[in-house]
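Colleague: Handing you this structure, nothing more for now.
The values are calculated or read from the model by the stated rules, or taken from the named source; none is laboratory data. Worth saying up front: this structure is predicted, and the values here are computed from it rather than measured. Neighbour counts are summed over all protein chains in view; Cβ atoms, including those assigned to glycine, are modelled from backbone coordinates with ideal geometry.
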Amino acid sequence: MSAEQAKIAAGIYAASLIEDGQKVGLGSGTSAWHFIRALAKRIGEGLNVVCSPASSTSRKLALELGVPLVELDELDELDVCVDGADEIAPDGSMIKGGGANLLWEKIIATNSAKMLTVVDPSKVVTTLGAFPLPIEVTPAYYGTTIKNIASLLERMGWSNVRVERRMTESSPVITDNDNYIVDAHLGTLTQPLELAIALNQIPGVVENGIFPAMSSGVIVGREDGTASLVEPGFNADEVRVGSQ
Ligand code: 5RP
């Protein structure tokens, strides 16, 4: 419940930063959905924006709330996107994809002039990697792709990394693109850009959940309902305890 209050506070704060006339990317996950709800409230009060969603679930929520949607393909670039993260490090690098939406999220973030990340304090880390890295792969030959991901990780210095297809009970998780997600239990990830590039060279890997230095600002919500914006270069320990 307390993390939820923090996520609500972050979403409301992020919505307060959106300016009239902006083109806005709508992220995915519970924190981003709080942002969408708060944005819908501002739209109801007269804010004029158009939005592109980063998942089918976010699209559905936006439509239900009357948020005006435009296909990203129809726009040159978004002004800002607001999305959550599973982990965010001081340089603005993130692990995302806990909700299996990393591909659309990365397309939206890459095509936004800036990306605001909405999180509760538990997502702020000094070093990435404790959260298992989501990787979207094709169903075709996914077992071979998993072996190739594990071999790559061995060559890059990890040992015995568990790489497994994500399941819900007995069924594989299926993404918005009809692909699978595999999770790589890295433990530590100190060179996110290097690994992000290498993973995408493996045939069968569609995209990975490393967002290297992609966040322009982190909105950290707190369970007391407050939130603050910190820029890359922050001290993770200070942000977690709320002194930065
Ligand atoms: C979905 C994501 C989410 O943004 C991430 O999992 C954070 O979710 P939440 O805000 O629910 O904690 O990357 O693919």
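Colleague: Please go through region 26-50 and give me each residue that is more than 17 Å from the chain's Cα centre (by Cα) and either in contact (Cβ under 8 Å) with a residue 60 or more places away in the chain or within 16 Å of the ligand (Cβ to nearest atom) (or both), ordered by number.
Modeller: Those that are more than 17 Å from the chain's Cα centre (by Cα) and either in contact (Cβ under 8 Å) with a residue 60 or more places away in the chain or within 16 Å of the ligand (Cβ to nearest atom) (or both): R37, A38, L39.
Colleague: Now for a different question. Criterion first (more than 19 Å from F131 (Cα to Cα) and in the same structural domain as R59 (by TED's automatic domain parsing)) does I219 satisfy it?
Modeller: yes
Colleague: Here is a further query. Inside region 87-127, can you point out the residues that are of a type in the set (D, E, K, R), more than 8 Å from the ligand (Cβ to nearest atom) and touching a strand residue (DSSP E or B) at 6+ places or on another chain (Cβ under 7 Å)?
Modeller: Scanning region 87-127 gives E87, K106, K114.
Colleague: Quick check on this structure: which one of G97, G129 is crowded, with 24+ Cβ neighbours inside 10 Å and touching a residue at least 60 places away in the same chain (Cβ under 8 Å)?
Modeller: G97
Colleague: Sort out which residues of region 9-25 are closer than 24 Å to A100 by Cβ, of a type in the set (A, V, I, L, M, F, W, C) and more than 11 Å from the ligand (Cβ to nearest atom), and write them in order of number.
Modeller: Those that are closer than 24 Å to A100 by Cβ, of a type in the set (A, V, I, L, M, F, W, C) and more than 11 Å from the ligand (Cβ to nearest atom): A14, V24.
Colleague: Which count do you get for residues in region 52-76 that are touching a strand residue (DSSP E or B) at 6+ places or on another chain (Cβ under 6 Å) and over 19 Å from A15 (Cβ atoms)?
Modeller: The total comes to 2.
Colleague: Out of curiosity, is G44 surrounded by fewer than 19 Cβ atoms within 10 Å (Cβ to Cβ) and farther than 22 Å from V125 by Cβ?
Modeller: Working: surrounded by fewer than 19 Cβ atoms within 10 Å (Cβ to Cβ): yes; farther than 22 Å from V125 by Cβ: yes.
Answer is yes for this residue.
Colleague: So in region 187-209, with the set limited to residues that are in contact with a helix residue (DSSP H, G or I) (Cβ under 8 Å, 6 or more places away or on another chain) and farther than 20 Å from N101 by Cα, which one is surrounded by the fewest Cβ atoms within 10 Å (Cβ to Cβ)?
Modeller: A198
Table: residues versus (1) outside any strand (DSSP E or B); (2) in contact (Cβ under 8 Å) with a residue 60 or more places away in the chain; (3) in the same structural domain as I107 (by TED's automatic domain parsing).
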{"site": "A140", "(1), (2), (3)": "yes, yes, no"}
{"site": "T144", "(1), (2), (3)": "yes, yes, no"}
{"site": "S151", "(1), (2), (3)": "yes, no, no"}
{"site": "I181", "(1), (2), (3)": "no, yes, no"}
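Colleague: Can you pull out the residues in region 60-86 that are within 16 Å of the ligand (Cβ to nearest atom) and in contact (Cβ under 8 Å) with a residue 12 or more places away in the chain?
Modeller: Selection gives L61, A62, V80, C81, V82, D83, G84, A85, D86.
Colleague: Identify all residues within region 153-179 that are more than 18 Å from K96 (Cα to Cα) and either in a strand (DSSP E or B) or under 18 Å from the mean Cα position of the chain (by Cα) (or both); write none if there are none.
Modeller: Within region 153-179, T168, S171, P172 qualify.
Colleague: Out of S56, S28, which single residue is surrounded by 22 or more Cβ atoms within 10 Å (Cβ to Cβ) and polar (S, T, N, Q)?
Modeller: S28
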